[in-house]
């Protein structure tokens, strides 16, 4: 186990979530699946208790803790994309897999975990600051899934 691992709480479906992430994102895998050695408040002996997995190289553990806690936007994975095709692929996989759209490149998977699907052109514009960042930011604020061409147009000072 890594020195620092993100632990994500699921309601009995951590293994399914880990499998989805491994199939959807590069450098993502499912590792060890650990079963409960005895009954616990939200589960029975032998049921999947934790699942070790990585998402884009980030080590995680999914804990099947039951319904007590829910995911919120206070935690999200931010996935950097190179172009519209990659942006569409990740966004669509999450949303069409039972998730939901939100604003400004954010969406939630069917387990309620938040994702920011962020094209590099947007990140680069924000780093530049000034008028370029302002135009890119204002364009982004009108979007759900990020439209790379619209961000590029905003960066270049063209009407969106």
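The values are calculated or read from the model by the stated rules, or taken from the named source; none is laboratory data. Everything numeric in this text was worked out from a predicted model, so none of it was measured. Virtual Cβ from ideal backbone geometry, glycine too; neighbours counted across all protein chains shown.
Details
- Condition check for residue 83: at pLDDT below 95 and touching a strand residue (DSSP E or B) at 6+ places or on another chain (Cβ under 8 Å): no
- Single unsatisfied condition, residue 32 versus (1) surrounded by fewer than 16 Cβ atoms within 10 Å (Cβ to Cβ); (2) on the phi < 0 side of the Ramachandran plot; (3) under 12 Å from the mean Cα position of the chain (by Cα); (4) not assigned by TED's automatic domain parsing to the domain that holds residue 146: (3)
- Of all residues in the stretch 52-70 being buried (at least 17 other Cβ atoms within 10 Å of the Cβ) and closer than 14 Å to residue 115 by Cβ, the one that is nearest to the chain's Cα centre (by Cα): 55
- For the stretch 44-75, filtering for residues that are under 12 Å from residue 29 (Cα atoms) and touching a residue at least 40 places away in the same chain (Cβ under 8 Å) leaves 5.
- Filter pass, residue 157 being under 22 Å from residue 30 (Cβ atoms) and either in contact with a strand residue (DSSP E or B) (Cβ under 7 Å, 6 or more places away or on another chain) or loosely packed, with under 15 Cβ neighbours inside 10 Å (or both): no
- Any hit, the stretch 128-136, residues being surrounded by 20 or more Cβ atoms within 10 Å (Cβ to Cβ) and within 19 Å of the chain's Cα centre (by Cα): no
- Scanning the stretch 22-64 for residues that are out of contact with any helix residue (DSSP H, G or I) (no Cβ under 9 Å at 6 or more places or on another chain) and closer than 30 Å to residue 105 by Cα turns up 22, 26, 27, 57, 58, 59.
- Test: residue 103 is on the phi < 0 side of the Ramachandran plot, in a loop (DSSP other than H, G, I, E, B) and either at pLDDT 95 or above or not assigned by TED's automatic domain parsing to the domain that holds residue 136 (or both): yes
- Conditions (1) surrounded by fewer than 16 Cβ atoms within 10 Å (Cβ to Cβ); (2) modelled with pLDDT of 95 or more; (3) over 16 Å from residue 6 (Cβ atoms); number of the one not met by residue 75: (3)
- Unique match (being out of contact with any helix residue (DSSP H, G or I) (no Cβ under 7 Å at 6 or more places or on another chain) and not assigned by TED's automatic domain parsing to the domain that holds residue 106) among 19, 78: 19
- Among (1) surrounded by 17 or more Cβ atoms within 10 Å (Cβ to Cβ); (2) closer than 13 Å to residue 113 by Cα - the single one residue 90 does not satisfy: (2)
- Single condition residue 84 does not satisfy, out of (1) within 24 Å of residue 7 (Cα to Cα); (2) surrounded by fewer than 20 Cβ atoms within 10 Å (Cβ to Cβ): (1)
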